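All remarks here apply to the structure that follows.
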Amino acid sequence: MNKLNSNFPLTLKQCRVITEIMKKGTEKDASLSLNLSQPSISRALSQAEQALQISLFTRGWSGAEPTAEGEVVISSCNAVLQAIADTERHLQHDVSALLKLNAYVEWRHLMVIDAVVRVGSASVAAQTLGMTQPAVSKTLKEIENMVQQPLFARARHGLIPQTAAKQLASLYLRVSPVAQSLQHTLQSLPNELTGRLSVGMLSFSCQDIVPVAFASLFKQHPRIRLQAMQGPYHMLANALRQGEIDCFLGLMRKGPIHPELIELPLLDVQYALIARADHPVHDYAKTLNDLTNERWIVARHGTPIRDYFESLFHSIDNKPPIQALEMLTFASSEELVIHSDAIALLFYDDWNIKQLNPRLKQIPIRLPNPECTLGITLHRERQSTLIQTFIEELTLTIKEKLLRDST
């Protein structure tokens with residue numbers, strides 16, 4: 001029977017495994033969905049990758065994510081499996097029992113059905129396929145059990161295909177070219193920048209830079225898969241170490257917490273105190289001592305912003321306010337400032353402070369050592385061409401931004 005699958009780079013079971021891993025994100029969840037053991041799922045995936053001589057998935061932020069080649073394979077698998085599901089849905093109209101075509105059909109079933117429909121004889125089909133007649137009859141019985149209805153009617157001169165057999169033969173003619181051309185499709189991939197770029201962003205960081213760089217990358221290299229996600233430092237650092245993301249951006253610290261990570265500076269910024277434009281604090285606040293009783297919006301503990309916030313009050317021999325509202329995003333912090341009496345400690349580059357929302361206003365208090373730096377954190381040993389291209393786009397975006405500031 002294996003000879004019947006030789007024209008197809010993937011079995012239909014492997015197609016089902018690949019698409020389910022993509023949907024569920026892990027082999028474990030795919031095994032539960034397909035009602036297969038996890039070793040069976042792993043084995044099917046490994047055999048598929050060996051047959052195609054490519055890696056289909058890479059470890060990602062939310063589980064298994066397809067490689068550039070994996071995207072092509074998944075697209076092919078989805079097309080084949082969708083056609084099978086459509087055929088099963090049509091056949092289901094004629095019977096009450098639940099069909100099992102979508103879960104169990106393999107190439108050998110479809111090839112045998114197609115051959116018998118074409119020649120009208122199980123024995124002739126067996127000769128055509130290089131099988132024995134009992135093997136053909138057994139295969140027909142298997143697929144008949146899957147569709148819960150007769151496939152052929154016996155006549156003096158051979159077998160007459162019924163509706164189910166005709167639909168299955170038609171299905172084979174539609175999907176076999178898609179599957180058989182997969183290797184050629186993979187070999188014909190254009191020689192251009194491909195792959196996944198997964199970028200983490202620390203709270204409050206680079207929201208106006210990354211989208212511009214992403215847009216430029218997407219325009220120049222449409223086969224790149226771009227991802228951006230937000231999270232705290234320790235989560236992003238661990239994700240970078242484990243290969244779930246490629247880099248992350250944010251305020252630079254005194255140095256990365258793991259020796260295999262490195263930081264590169266990108267943009268000089270500075271801390272600023274922000275309040276609603278019509279807030280009375282703009283009239284009476286002259287020093288930090290005037291702000292000790294205010295309500296504050298700050299970043300979470302363990303961030304450079306929060307450390308600086310607490311150092312401000314220690315510098316005036318005062319305890320940091322306990323009643324502080326922690327926010328995770330820059331936009332939500334600005335919006336909350338607009339709609340409340342709270343003031344916020346944020347950071348801006350020169351261009352962004354000049355473009356501040358008119359409903360906001362910087363409190364005119366000189367802060368001690370407000371300078372800080374936005375940077376990108378990379379894995380010391382994993383710096384691909386794609387990551388370098390992204391850094392180049394970030395650098396260009398920042399230069400254009402600074403150029404706008406100077407004009």
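The values are calculated or read from the model by the stated rules, or taken from the named source; none is laboratory data. From a predicted model like this one, the values you see are computed outputs, not experimental measurements. Backbone-built Cβ (ideal geometry, glycine too); neighbour counts: all protein chains shown.
Residue count for region 252-300 under the criterion of being in contact with a helix residue (DSSP H, G or I) (Cβ under 9 Å, 6 or more places away or on another chain) and more than 24 Å from GLN383 (Cα to Cα): the result is 23.
So that you can scan it fast, the table gives a plain yes or no per residue for (1) modelled with pLDDT of 95 or more; (2) surrounded by fewer than 17 Cβ atoms within 10 Å (Cβ to Cβ); (3) on the phi > 0 side of the Ramachandran plot:
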{"position": "LEU10", "(1), (2), (3)": "yes, no, no"}
{"position": "LYS13", "(1), (2), (3)": "yes, no, no"}
{"position": "ILE18", "(1), (2), (3)": "yes, no, no"}
{"position": "MET22", "(1), (2), (3)": "no, no, no"}
{"position": "LYS28", "(1), (2), (3)": "no, yes, no"}
{"position": "SER37", "(1), (2), (3)": "yes, yes, no"}
{"position": "ALA48", "(1), (2), (3)": "yes, no, no"}
{"position": "GLY60", "(1), (2), (3)": "no, no, no"}
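Pairs linking a residue in region 217-245 that is not assigned by TED's automatic domain parsing to the domain that holds GLY302 to a residue that is at pLDDT 85 or above and charged (D, E, K, R), with Cβ atoms under 6 Å and 6 or more positions apart or on different chains, are LEU217/GLU393.
Criterion applied to ALA30, ALA51 was being of a type outside the set (Val, Ile, Thr) and more than 30 Å from HIS234 (Cβ to Cβ), and the one residue passing it is ALA51. In the condition set (1) surrounded by 15 or more Cβ atoms within 10 Å (Cβ to Cβ); (2) part of a helix (DSSP H, G or I), PRO177 is compliant with all but (1). Note on region 132-147: among residues that are in contact with a helix residue (DSSP H, G or I) (Cβ under 8 Å, 6 or more places away or on another chain), over 16 Å from LEU12 (Cβ atoms) and touching a residue at least 24 places away in the same chain (Cβ under 8 Å), the one that is surrounded by the most Cβ atoms within 10 Å (Cβ to Cβ) is VAL136. State which residue pairs qualify: first residue closer than 21 Å to THR67 by Cβ and inside region 34-53, second residue surrounded by 12 or more Cβ atoms within 10 Å (Cβ to Cβ) and of a type in the set (A, V, I, L, M) in any location, beta carbons under 6 Å apart, and separation of 6 or more residues or different chains. Taking only residues 6 or more apart or on different chains, the pairs are ILE41/VAL17; ILE41/ALA30; ALA44/VAL17; LEU45/VAL17; ALA48/LEU10; GLU49/LEU56. Taken together, the residues in region 341-376 that are in a helix (DSSP H, G or I), closer than 19 Å to VAL210 by Cα and either of a type outside the set (Phe, Trp, Tyr) or in contact with a Cys (Cβ under 8 Å, 6 or more places away or on another chain) (or both) amount to 3.
Among the hydroxyl-bearing types (Ser, Thr, Tyr), modelled with pLDDT under 90 and out of contact with any helix residue (DSSP H, G or I) (no Cβ under 7 Å at 6 or more places or on another chain): does that describe THR407? In short, yes.
I'd like to know if region 64-81 contains one or more residues that are under 30 Å from PHE248 (Cα atoms), at pLDDT below 95 and among the hydroxyl-bearing types (Ser, Thr, Tyr). For region 64-81, residues under 30 Å from PHE248 (Cα atoms), at pLDDT below 95 and among the hydroxyl-bearing types (Ser, Thr, Tyr): present. Quick one: in region 329-349, of everything that is surrounded by fewer than 16 Cβ atoms within 10 Å (Cβ to Cβ) and modelled with pLDDT under 85, which residue is farthest from GLY250 (Cα to Cα)? Top of the filtered list is SER332. Among the candidates ARG154, ARG118, ARG108, the residue that is assigned to a helix (DSSP H, G or I) and exposed (fewer than 15 other Cβ atoms within 10 Å of the Cβ) is uniquely ARG118. Restricting attention to region 17-33, the residues that are hydroxyl-bearing (Ser, Thr, Tyr) and free of Cβ contacts under 8 Å to residues at least 24 places away in the same chain add up to 2. Checking SER55 against (1) touching a Gly at 6+ places or on another chain (Cβ under 9 Å); (2) crowded, with 16+ Cβ neighbours inside 10 Å, only one condition comes out false. Which one? Of the numbered conditions (1) touching a Gly at 6+ places or on another chain (Cβ under 9 Å); (2) crowded, with 16+ Cβ neighbours inside 10 Å, the odd one out for SER55 is (2). Residues that are more than 19 Å from PHE8 (Cβ to Cβ), in contact with a Lys or Arg (Cβ under 9 Å, 6 or more places away or on another chain) and in the same structural domain as ARG89 (by TED's automatic domain parsing) are absent from region 162-173 altogether.
The set of residues in region 197-222 that are over 20 Å from ARG253 (Cβ atoms), touching a Leu at 6+ places or on another chain (Cβ under 7 Å) and in a loop (DSSP other than H, G, I, E, B) contains only HIS221.
Among the residues of region 91-104, those that are out of contact with any Ser or Thr (no Cβ under 9 Å at 6 or more places or on another chain) and not aromatic (Phe, Trp, Tyr) comprise GLN92, HIS93, VAL95, SER96, ALA97, LEU98, LEU99, LYS100, ALA103. Would you pick out the residues in region 365-385 that are farther than 22 Å from ALA272 by Cβ, surrounded by fewer than 18 Cβ atoms within 10 Å (Cβ to Cβ) and not hydroxyl-bearing (Ser, Thr, Tyr)? Listed by number, the residues that qualify are ARG380, GLU381, ARG382, GLN383.
Checking each residue in region 199-252 for being surrounded by 19 or more Cβ atoms within 10 Å (Cβ to Cβ), closer than 18 Å to LEU264 by Cβ and not hydrophobic (A, V, I, L, M, F, W, C) picks out GLY200, SER205, TYR233, ASP246, GLY250. Among the criteria (1) surrounded by 18 or more Cβ atoms within 10 Å (Cβ to Cβ); (2) part of a strand (DSSP E or B); (3) within 17 Å of the chain's Cα centre (by Cα), the one LEU159 does not fulfil is (3). Applying the condition of being free of Cβ contacts under 8 Å to residues at least 12 places away in the same chain and more than 20 Å from GLY302 (Cβ to Cβ) to region 246-287 and asking which residue is nearest to the chain's Cα centre (by Cα) yields ASP278.
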